[in-house]
Each structure stands twice: as structure tokens, then as C-alpha cells.
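**Q** Dropping the structure in here first, questions after.
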Amino acid sequence: MAEATEFTLRLRRYDPESGDAAYWDEHTIELEPHRSVLEGILQAKARFDGSIGIRCSCRAAICGSCGVRVNGQPGLACHTHLDAALASSRDGVIEVEPMGNMPVIKDLIVDMDAVHWKKIARVTPWLINKEPIPEREYIVDREAMVDVTQSMACIQCGACVSDCLSMEVDPLFVGPAASAKAYRFVGDPRDDQQRERLTDLAQDPHGIYTCTHCFKCIDACPKGVAPMSQIMRLRRRAGSDHHIDDRNNGHRHEASFVTLIKGYGLLHEAELLPRSYGGDSWFGKFHPKAGKVLMSSLPAITKAVMRGKVKPKTALLGHKIPKDDLKSVQRIYDKVAARDQRLELNLYITGYDEDVDGAGTAPAAATSGAAQTGADSGQPGQSPEGSPSR
Amino acid sequence: MPAHDVLIIGAGLAGQRAALAAADAGATVAIMSKVHPVRSHSVAAAGGINAAINVADDWRSHAYDTVKGSDFLGDQDAIEVMCSEAPGEVMHLEHIGVTFHRNESGELDLRAFGGASAKRTAYVADITGQAILHVLYEQLMKYSDRVDRYEEWFTTSLVLDDSGACVGVVARDIRTGAMETFSAKNVILASGGAGQCFKPTTNGLICTGDGIAQAYAAGAPLMDMEMIQYHPTCLVENGFLITEGARGEGAHLLNADGERFMEKYAPNKMELASRDVVSRAEQTEINEGRGVGPGGVGIYLDVTVVPRKRTLEALREIVNIGKDFAGVDITREPIMIRPGQHYIMGGVKTDIDGKTPLDGLYAAGEVACVSVHGGNRLGANSLLDTLIFGRRAGEHAAARATDMRMPTATTSVQRDDEKMIASIIDRPREGRRISEIKDELGTVMNRHVAVFREEAGLQQAHEVVRRLKEESKTAYVDDRGTIFNQDVLGAVELGYMLECAEAIVVAAIERKESRGAQFRTDYPERNDDEWLKHIDINRNGDDVPQVSYSEVTFTQWQPEERKY
Ligand SMILES: Cc1cc2nc3c(=O)[nH]c(=O)nc-3n(C[C@H](O)[C@H](O)[C@H](O)COP(=O)(O)OP(=O)(O)OC[C@H]3O[C@@H](n4cnc5c(N)ncnc54)[C@H](O)[C@@H]3O)c2cc1C
Ligand code: SF4
Ligand code: SF4
Ligand code: FES
């Protein structure tokens, strides 16, 4: 066992009763390097200052109490090793702050009811049973249950909410954790209202199409829930399975993306906008909706051209890539389309990345997740668990 | 003043189940918890929940295993209720949305657990407690207009009327520091265990025995308090639990000689003998110099014998715990474990409807002692206990409320509690720190009131606890605020822990035999002639608690020698 070492913690303190602004408070603690930041804070609390406020109970990343930011990164204090935190610190001092996107109550304690739980309540977070309810258990696919277990693994810690980029811009955005909760029902074969749930979340202007794929929630999540992947899966079910043509142009936007890249090998920005609004074909731009959005986007487009961000030629004709490259891109499309079972983005039961290939050969494993690398979506960062070093 | 037919203290599995059942029965209900409900320690339960749902299984077999596991101290009427109602309860959980693991035909899958004669543990990977707790909370959100939730409210006292019946509680809104009196026709205590009396423990920091101490202070008897479960597989590093599910999936226990030593102690059930048996075997190996690791204080748990894919699918949480908290990849190498404090079989004495001897006061879950676990709880029987008796208490309390008038709880208790809290905050910085006292308590309990016990050590522990009780009266806190003053609540919790600890030690001194979790090296045999009875502990002002006895209920199974 490693020896106890000194670490300095810089804690963001805020005393709502003092009338003073938030301030930094430093304490030096002594613990083995693989102990957690939470244990460090608890030592500071026990030895020096019992008034340091932080919610915690399990110390083992299961109760979801201790969401904070360590050196600016959202996560659990009990799931971040001191040595890793030291390594990621700016100046050799481990900085701990309350989570973002939620009001601070005191020190490291934020008001989760005001944001997180409100959003959870927004997604009708209970099972609406398929009737008739059987006498014994519902007989359902083994994989389906394992699949939703990934979202069930969410401990409602709020780390993903803390730094969600879209939520910063649009506080009404339903957000990563609540979306994962929604998937838990949409993916549950016992639920009777999957289409209704999807319609609701697709039509909501602050719903699933608001996410900008910034990956922050995947990085933040200590339990491998991968909220962004759950959002992608909700979109896929809404658009591809239920053909929900949402008023946010979300599904059309995605479909246009897919066709454009298939056709051009790279994104054709000029086509994307009109197609997203007018419909996913070359004729999309003649749809009245497309004309309207093009007109309203004109100032932004002009600016982009003036600043040299877009060249008029590529803007009009699209990017050109060599023929062979284009063929390779199209082969990826063919390969994906040829699978009888689609690739799901569930990594809950897949194990580690290194196992992906071996396990992926079994057909059942495809749905239970073993072959679900980020490859089909080009998503990095999908290690099943955020390691405590994050 | 808020007033409800049924007021539930605690929002773990027992409390939430009670709330839903009472609401279904038509009562007005409130549920109160010092942490957000999903932070309750039920969330940590990993392995699963027992029920004889397989058509080839029989609840009587489950009941017999439970009786035998309890070392014949469990009350058999209660055990029959629990085991016969178990399949229905698990189906109910399935219907409200728990994502139980399935077998290839889509039915509930079952895994093996310790002390069980059949595979009968339903599970959700190794997050069973979490999955059930979160699904119950989904239902509570659904019941928002029927169940009032007081989240992050800390109950400080029960309120009794002149006749001694419980008619409400006093609580503090942690977020504002405001104190309030709640009236209720019935109060159900579901405030969990007291593991923090020990250090280390698998229990969360919130498991401080509040409800046990509050009921005890109000005059309710405690029962089986000496029965403290040490779980066989806790990380040497920090006491975290490795679920019994690991051994259920086939993992081995090895000593320093690489020997599967359980052959010597339980040749038939091996690693899956009762927890008390396995913990003692491990401790014996360690004491006799066959432990592993620095100081020889550990035992190897070898999960590598379980197919890797299965481990990753069904034991995922402990793969992470091994990786994150011990730096070991359990799919590739053995991990060092040892017995650690885990569960308290004893608690507030209740009947099979959760009723305590105090009118209007119920208890369910780990805070209670029905007693279904007797001298030793079987793995995966506790979740079942919380749900069955939580539901029964909720239903019974709702029924009792129908022909009752709403009482008005006196506010004098609130004034006393307000003064008590103010006086803690005002204490000069002269005494000891709360954290020091807590540390010393945990350490002494873990040294003398653990797997092996004997008179002198127990007496010494008792002396220390008495001294700490005195010292706690002048222990000071740093936080003088009202908003989220966790510091002062920590001092209140310390008071509860000391009361629980004393009851535990006194009962352990009293029982002069070895049964279940109580192993006295000075009385190494089970002695049915003298000790086949429960020990009840009653509070006696500030003096040493009073001891009395009650009968064990037998229905179908007579005591016999216990072999695994
Ligand atoms: C690591 C671990 C793993 C386990 N695994 C299993 C398993 O696989 N199978 C099994 O059957 N059992 C298992 N157990 C045991 C089981 O989890 C617990 O015994 C059970 O969950 C207790 O539930 P409860 O509802 O009684 O209490 P808890 O879940 O502990 O809830 C107590 C509630 O009371 C509230 N409370 C406490 N004091 C106050 C107060 N003063 N004011 C207001 N509210 C208060 C708390 O906030 C909380 O809501 C495990 C236990 C641990 C520690
Ligand atoms: S990926 Fe989407 S949901 Fe996740 S943090 Fe970014 S914007 Fe938010
Ligand atoms: S999805 Fe992950 S980060 Fe977000 S609340 Fe759930 S467990 Fe926390
Ligand atoms: S203390 Fe429970 S998640 Fe960190």
C-alpha cells in the first residue's frame, strides 16, 4: 500500500448567510494517493473545518450525492483519485467547485431540484404498462433488459448536467440525464407509450434535437450511461423507426446529413440547411420552408463568406474528394446497411474496448452491445466507464 | 402544522414501499428523508433479492434456509410471511418497471446466493438495490399528488401523547434550518441501519441508527441488537463491499497457501455457506497466519474463475469497484478482502405487521427487528425484508388510520430540540471534535464487537462507549449557520450512534453463548437450553440499559445442528 502523501485542496466556498461572495479556501490533507478527493475533503472537514458543505454518503460512486467539478471537470468527488486530480491540476493544488448549470446552495452543494429533478419529472419518468399486465413477469427479450440497464445505471448525480453545453445556451433543454431516463422507458418493451414519448421529445423545441453532440456528458458520467448515445438512440427510434417528422426539423436535418455525405463524401453545407427544412432531396431548396430559412440565414451566410469561412464555390457546389475516397465512404454505408441487426450504442455490458472484436462475433452480442464500437457513429470517448482520473 | 394519516421516516426501500402501499390503501401520506430518496443506502445493495419464483422451488425451502441461516433465532411466523409473499412482491416490482435480468426464454433469471438450497436470487446486474430504489422513486414521482415528499428533512425526535402513543415527529428542514412539528395518526420508521457505529463498514455515512435511537428514546424495546453481520468479502483497502453475487457466480476464496479453505469449514456449501460461517472461517485463517497481503490481514477472492464475459455483464459494479478503489482488475487477478461490518440484524422490535409495542409507531427495514434474520441474515433477504414489511406496515397503518381522529402533536418537543441544537452550536471549542469521537467509537466496536468476541473485550468496549457518551456532551462543532448545517446534524447523529452502540455491546455481553453472528470465544457453543431466546433492550434513562428476554416463535422447524 502506498504511503500517505500531502495534497492541497482548494475548495470553492459560499456561505449564503454571510452576504459575502464565494471564495477559495485551501486545506492540506494527508492520504494515500489512490484515495478519493471526497476522502480528502472529509479529512479536511474532520480535522480543520466541519462547516465545509458537501453531500455524500456511500463513498463508492453509487449514491450519486457528491457531484462536483474537480479542476473544472464535472464528476464525483468519491470517484476521482487524489493522484489523478493532482495530475490534472493547473498549479499543484486540487481545485474543487460546485457543479454548473445549477444554483449553488452552500459551498459544494447545488440545488438539484431546481434543475435536474425538474427535468427528470418532465419525461414522465415511470413505466406506463402494456396491458394486460401478466400474472407473472412480462416475457421480454433478454437483451432488451440488459440494454435499458445502461440507463438504469444512472445514479442521478447531475455531473452530465453540470457542463452540458446546450443547456448553458438553452436552460429549458431537457438535458442528458433526463434523456437517458427517457430512453429507459422507450427501450423498455413493457412500456406502452413509446411512440407518444418519442413524439413528445422530438416535437419539444427543447427536446432531443437540441443536443449539439459535444460529448461533455459522456466524459462526465461516472457510470458509463453515455447520455449522448441515449439521445442518439432516441432520435433514431423517433426518426427511423417511428418516422416522426418533427417540427424542429431535427430528423430531416439528420437525414440530410446522411444523404449528403453519402453523395459528396463530405458535408455540403449549402445543401444542408435547405434540405433540413425543405426535405431531404436536391429539390428540398425549392420548398417554401427552405426558402424562408435561407432568407433568414442570409446575413449569417454572408458573414461566413466575407470572413472567408466559406468559399463561394464550395458553398454552391459542395466539397469534392477523390473518386476512390468517395467510394470508400459509400462502402461504409453499404456495410452498415447490409447488417440484419443494427448497431446499438449500448456499452453497458460490453466490457472494455479491447474485447470488442472477440465478443462481437457472436450474433447475440450485437444487440447486447459487444460489437458496438463507436465506429458506426464515429464517436470517440466511449469507454464504458469514465475512469476516476477524469 | 402538517398532518397525515401515515408519516414515514426514511425513503429507502422500506420507506418508499410503505408510502406507496399506504397511498394505495387510501391514506394521506408523507415521506421524509434526510437525504434525497435515491441517495438512501438501499442504493448500494448489489446482489439481489430472494424469492422462490422458480416453479421447481418452494417458499418453504426458502423459509427453512432462512430459519437455518438465522441459527434458529428467527421468528418463524415472520419468516413464513416473508418467504410466502416474496414471489408476489418480486412480480409486483417487475410490473412497476424493475429491469430484472432475464434468462434466454425471457423469464426472470436467478442466481445462487449464500445459505440457499436453490438458485432463487433475482437481480439487475449488480445494481439490484439501485434499480429497485430508482424504480420505486419513479412511482413516488407518479404519486406526487398523493404522497407528500419532504426531501432533505432530518427527523430529530418522535412525539408522544400523554398516553404514550406516537402522534408525530419533529424535523429540521436541512436547507433552511427551520424546525417543524408534524402530526400523524401513525409514524412508520424506515430509517435504516447503524453501520457507522463501526469502522470500517460497508454502510454509507448516513447509516447512523437515527430511527433505532429515536424509538429507543421514546420507550420502544430493541431486539437482537448483538447480532451484527460481518460480510465475508469487504475490500481490505477501505471496507467496501464485494457482493456475495461474486461467490454466487462461482468465485473462490483462497488463503496464503492458495488453498480453498472453505473445504475445511463448510465442505458442502463451500464459499456459499452462511455469512457468519464464511466470515469466521476467513478470520480463523487470518488469525492462524494464513492471511495474504501486507500483515497477512486479507484473503484472496478469486473471480477469475468466472467467465470474463459473465463477470462483465453480471458483476459490472464490482469490476469498477476493484478497478477504481483497489486498482485491481478482478477479471484477471484475485482481490484482497476480509470480513467487514455490514448489517444489523437487530433493531426496533415489531410484529409481522411492522407494529412496535408503542401505539402509532411502526418500523420496517433495517431499523426494525421482526425478527426474520435472527442470528444471521442470508444474503438477498434484506431487500426482501424491507419490501415485504414496508408494504405490510404501510397497509396496516393506513387501515388503522381509517377509524381514528387526527391527533395534534405537542410542540414542546420541537422547542426542546431547537434548544438542543442551539446549545450544540453554542458550545465552546473546548471539548473533543465530533469526528474524533466517531472514529474512536468505530475503532473500538470493530476491535471488540466483531467476528470473535469475549467478555473482557466487550466490557472494555462498553466502558469506552460510556466515556464517549460523556465526552459527546461537550464535543463542539465549527458550523454556526442554519442553511445546510451538516456539522450540527453530525453531532446529533453521533448521539444516536452512541445509543445504538451501547445497546449492541450490552446485548453482546448478555448472550453467553455462540449463535449466528455472535461468536463468544469464551462460550464457543450454541446453548439452546439457556439462550434460545431474544434479548430485548430497553432504555433506562442515562443508566446502563435494561435487559429482558422474549420467546422465539416456532412453527414448523425445530432447532438442529447447523452444518453447511
Ligand atoms: C453495500 C451493501 C450491499 C448490500 N447488498 C444487499 C443485497 O444484495 N441484497 C439484500 O437483500 N440486501 C443487501 N444489503 C442490505 C440492504 O441494502 C439494506 O439492509 C436495506 O437496503 C436497508 O433498507 P432500508 O429501507 O431499511 O434503509 P435505507 O435504505 O438505509 O434507508 C434509510 C432511510 O432513512 C432516512 N433517514 C435516516 N435517518 C433519518 C433521519 N434522522 N431523518 C430523516 N430521514 C432519515 C435516510 O435518509 C434513508 O432515506 C446491502 C447493504 C449494503 C451496505
Ligand atoms: S452531448 Fe448533448 S446532452 Fe451531452 S452535454 Fe453535449 S449538448 Fe449536452
Ligand atoms: S447520466 Fe451519468 S452523469 Fe448524468 S446523472 Fe446519470 S450517472 Fe450522473
Ligand atoms: S458519496 Fe456516493 S456517489 Fe460519491
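**Q** Regarding chain A, what whole-number volume in Å³ per residue does the convex hull of its Cα atoms give? Provide the component values of the computation, followed by the final result.
**A** Numbers: hull volume 78.5 nm³, N = 390.
Spread over its residues, the Cα hull of chain A gives 201 Å³ apiece.
**Q** Bins of 5 Å, beginning at zero and ending with the bin holding the largest distance: percent of Cα pairs per bin for the stretch A:1-60, please.
**A** Taking every Cα pair in the stretch A:1-60, the percentages come to 4, 17, 26, 22, 17, 8, 4, 2, 1.
**Q** Right, here's the next one. Using a Förster radius of 22 Å, what is the FRET efficiency between A:L266 and A:H243 based on their Cβ-Cβ separation? Nearest 0.05, please. All intermediate terms of the calculation are to be shown ahead of the outcome.
**A** Values: r = 28 Å, r/R0 = 1.25.
Efficiency, from the Cβ-Cβ distance: 0.20.
**Q** I need to check one value: relative contact order of the stretch B:232-339, counting alpha carbon pairs closer than 8 Å and at least 6 residues apart, in percent.
**A** On the way: 171 pairs, mean separation 37.5, N = 108.
Over the stretch B:232-339, the number comes to 35 percent.
**Q** A further question follows. Please compute, for peptide B:122-133, the average count of beta-carbon atoms on other protein chains lying within 10 Å of each residue's beta-carbon. It would help to have the intermediate numbers written out before the result.
**A** Values: counts 1, 0, 6, 8, 0, 6, 0, 1, 9, 4, 0, 1.
The shielding value for this peptide is 3.
**Q** Could you tell me which residue out of A:H79, A:V37, A:A21 lies farthest along the dipole of chain A toward its positive end? Charges go on the beta carbon: Lys and Arg +1, Asp and Glu -1, centred on the Cα centre.
**A** Of the candidates, A:A21 comes out farthest on the positive side.
**Q** Right, another one. Once you have the Cα-Cα distance between A:D334 and A:L317, take 0.36 nm times their residue separation minus that, and quote the gain in nm to one decimal. Walk me through the numbers before you get to the answer.
**A** On the way: separation 17, 0.36 × 17 = 6.12 nm, distance 2.48 nm.
Gain in length upon complete extension: 3.6 nm.
**Q** Mind checking the angle between helix A:227-236 and chain A's longest principal axis? C-alpha axes, 0 to 90 degrees, to the nearest 10.
**A** The angle comes out near 20 degrees.
**Q** Would you work out the charge dipole size for chain A about its Cα centre, treating the Cβ of every Lys and Arg as +1 and the Cβ of every Asp and Glu as -1, and quote it to the nearest 20 debye? If you can, show how the numbers build up before the last one.
**A** Values: 48 positive and 52 negative charges, 391 e Å.
Roughly 1880 debye, rounded to the nearest 20.
**Q** Separate question: Which whole-Hz couplings ³J(HN,Hα) result when phi for each residue of the stretch B:85-90 is put into the Karplus expression 6.51 cos²θ - 1.76 cosθ + 1.60, θ = phi - 60°, listed in order with x for Gly and Pro?
**A** After applying 6.51 cos²θ - 1.76 cosθ + 1.60, I find 8, 4, x, x, 5, 5 Hz.
**Q** Suppose R0 equals 45 Å. What FRET efficiency, 1/(1 + (r/R0)^6) with r the Cβ-Cβ distance, do B:R480 and A:D324 give to the nearest 0.05? The partial results should precede the final answer.
**A** Numbers: r = 73 Å, r/R0 = 1.63.
Approximately 0.05, to the nearest 0.05.
**Q** Right, something else. Note down the nm distance, to one decimal, between modelled labels 7 Å out along Cα→Cβ at A:F286 and at A:Q193.
**A** 4.3
**Q** Another question, then. Per residue of the protein assembly as shown, what 222 nm ellipticity follows from adding -39500 (n - 2.57) for every DSSP H run with n ≥ 4, rounded to the nearest 500?
**A** On the way: 33 runs with 354 residues, N = 954.
Calculated at 222 nm, the ellipticity per residue is -11000 deg cm²/dmol.
**Q** Right, something else. When 1/r is averaged over all different Cα pairs and the result inverted, which Kirkwood radius in Å belongs to chain B?
**A** Numbers: mean 1/r = 0.0426 Å⁻¹.
Every distinct Cα pair counted, the radius reaches 23.5 Å.
**Q** Could you tell me the distance between the Cα centroids of the stretch B:360-376 and the stretch B:195-217, to the nearest Å?
**A** A separation of 14 Å, based on Cα centres.
**Q** Across peptide B:315-327, what mean number of C-beta atoms from other chains lies inside 10 Å of a residue's C-beta?
**A** Working: counts 0, 9, 5, 0, 4, 11, 3, 0, 4, 13, 10, 1, 3.
Mean partner-chain Cβ count within 10 Å for B:315-327: 5.
**Q** May I ask you to compute the full-extension gain from B:E436 to B:Q558, defined as 0.36 nm times their residue separation minus their alpha-carbon distance, rounded to one decimal in nm?
**A** Values: separation 122, 0.36 × 122 = 43.92 nm, distance 4.66 nm.
Length gained, B:E436 through B:Q558: 39.3 nm.
**Q** In µm²/s, what is D for the stretch B:412-527 at 20 °C and 1.002 mPa s, where D = kT/(6 pi eta Rh) by Stokes-Einstein and Rh is the Kirkwood radius from Cα pairs?
**A** Numbers: Rh = 15.6 Å.
So the translational diffusion coefficient is about 137 µm²/s.
**Q** Given the C-alpha centroids of the stretch B:489-558 and the stretch B:298-321, what is the distance between them in whole angstrom?
**A** Distance between centres, Cα-based: 36 Å.
**Q** I've got another one for you. How much length is gained if the chain between B:K533 and B:V305 is pulled fully straight, taking 0.36 nm per residue apart and subtracting their Cα-Cα distance, in nm to one decimal?
**A** Values: separation 228, 0.36 × 228 = 82.08 nm, distance 4.18 nm.
Extending this stretch completely gives an extra 77.9 nm.
**Q** Suppose each label sits 7 Å from its Cα in the direction of the beta carbon; what would the B:V55-A:D170 distance come out to in nanometres?
**A** With each label point 7 Å from Cα toward Cβ, the separation is 5.2 nm.
**Q** Counting alpha carbon pairs within less than 8 Å and at least 6 residues apart, what relative contact order, in whole percent, applies to chain B?
**A** Details: 1374 pairs, mean separation 125.7, N = 564.
Worked out over chain B, it gives 22 percent.
**Q** Only bridges whose two residues both fall in chain B count here: according to DSSP, what percent of them are antiparallel, nearest 5? Kindly include the intermediate steps, with their values, before the conclusion.
**A** Values: 44 of 68 bridges.
The answer is about 65 percent antiparallel.
**Q** Work out from phi, with θ = phi - 60° and the Karplus expression 6.51 cos²θ - 1.76 cosθ + 1.60, the ³J(HN,Hα) of each residue of the stretch A:209-215, listed in order in whole Hz, and give x for Gly and Pro.
**A** 7, 7, 4, 9, 6, 8, 6
**Q** If you don't mind, there's one more thing I want to ask. Please enumerate, by chain and number, the lysines with C-alpha under 16 Å from the C-alpha of B:K269, excluding those fewer than 8 residues away in the same chain.
**A** List returned: B:K68, B:K119, B:K563.
**Q** Just the Cα atoms of the stretch A:250-337, one point each, no solvent: what log10 I(q)/I(0) does Debye give at q = 0.18, 0.20 Å⁻¹?
**A** -0.82, -0.96
**Q** Quick check for you: which residues of the stretch B:269-305 have the amide N under 13 Å from the point 7 Å beyond the Cα of B:E259 toward its beta carbon?
**A** Flagged as within label range: B:282, B:284-291.
**Q** Tell me, which longest segment in chain B has none of the GluC sites (Glu not before Pro) that fall in DSSP loops with at most 12 further Cβ atoms within 10 Å? Kindly include the intermediate steps, with their values, before the conclusion.
**A** Details: sites that count: B:E104, B:E288, B:E430, B:E525, B:E560, B:E561.
Longest stretch, sites excluded: B:105-287.
**Q** Mind telling me which of A:K106, A:K216, A:K335 comes out most flexible in a GNM of chain A, alpha-carbon contacts under 10 Å?
**A** Top of the fluctuation ranking is A:K335.
**Q** For the stretch B:1-139, what are the per-bin percents of Cα-Cα distances with bins 5 Å wide, up to the bin holding the maximum?
**A** All Cα pairs, binned at 5 Å, distribute as 2, 10, 17, 19, 19, 16, 11, 5, 1, 1, 0 percent.
**Q** Quick one: Karplus J couplings for the stretch B:143-156, per residue in order, coefficients 6.51, -1.76, 1.60, θ = phi - 60°, nearest Hz, x for Gly and Pro?
**A** Working through the residues one at a time gives 8, 3, 7, 10, 10, 7, 10, 10, 9, 6, 10, 10, 6, 9 Hz.
**Q** Would you tally the net charge around A:L82, using a Cβ to Cβ cut-off of less than 11 Å, leaving A:L82 out, and scoring K and R as +1, D and E as -1? Mind dumping the intermediate values first?
**A** Values: positive: A:R35; negative: A:E6, A:E30, A:E32, A:E39, A:D83.
Around A:L82, the charge tally is -4.
**Q** Viscosity 1.567 mPa s, temperature 4 °C: give me the Stokes-Einstein translational D for the stretch B:232-339 in µm²/s, with Rh taken as the Kirkwood radius over C-alpha pairs. Each step should come with its number before you reach the end.
**A** Numbers: Rh = 13.5 Å.
Translational diffusion coefficient: 96 µm²/s.
**Q** For the stretch B:301-408, report the translational diffusion coefficient in µm²/s to the nearest whole number, using Stokes-Einstein at 25 °C, 0.890 mPa s, and a Kirkwood Rh over Cα pairs. Walk me through the intermediate numbers first.
**A** Numbers: Rh = 17.0 Å.
Stokes-Einstein gives a translational diffusion coefficient of 144 µm²/s.
**Q** Now for a different question. With bins 5 Å wide starting at 0, give me the P(r) of the stretch A:5-110 over every alpha carbon pair, in whole percents.
**A** For the stretch A:5-110, the binned pair fractions read 2, 14, 25, 28, 20, 8, 2, 0 percent.
**Q** OK, next. Can you give the relative contact order of chain A as a percent, counting alpha carbon pairs under 8 Å and 6+ residues apart?
**A** On the way: 691 pairs, mean separation 50.8, N = 390.
Relative contact order here is 13 percent.
**Q** Next up: Based on the Cβ-Cβ distance from B:D542 to B:N287, what FRET efficiency comes out when R0 is 60 Å, to the nearest 0.05? Display every interim value, and only then the final one.
**A** Working: r = 37 Å, r/R0 = 0.62.
Step by step, r from the Cβ atoms, then E = 0.95.
**Q** When chain A is modelled as a GNM with alpha-carbon springs shorter than 10 Å, which of A:A220, A:A159, A:A85 fluctuates the most?
**A** Greatest mean-square fluctuation among the candidates belongs to A:A85.
**Q** Residue farthest toward the positive end of the dipole of the stretch B:402-535, with Cβ of Lys/Arg at +1 and Asp/Glu at -1: which of B:A422, B:A503, B:L458?
**A** Of B:A422, B:A503, B:L458, it is B:A422.
**Q** Also, quick follow-up: Per residue Cα convex hull volume for the protein assembly as shown, in cubic angstrom? Numbers along the way, then the final one.
**A** Values: hull volume 169.1 nm³, N = 954.
Cα-based convex hull of the protein assembly as shown, divided per residue, equals 177 Å³.
**Q** As I understand it, the value is the acute angle between the Cα axis of helix B:59-69 and the longest principal axis of the Cα atoms of chain B; what does it come to in degrees, rounded to 10?
**A** Approximately 90 degrees, to the nearest ten.
Each reported figure results from applying straightforward, stated rules to the coordinates on display, with no laboratory input. Bear in mind the structure is a predicted one, so any value in this text is a computation, not a measurement. Quick reminder, even Gly has a Cβ in these numbers, built from the backbone with ideal geometry, and neighbours come from all protein chains shown.
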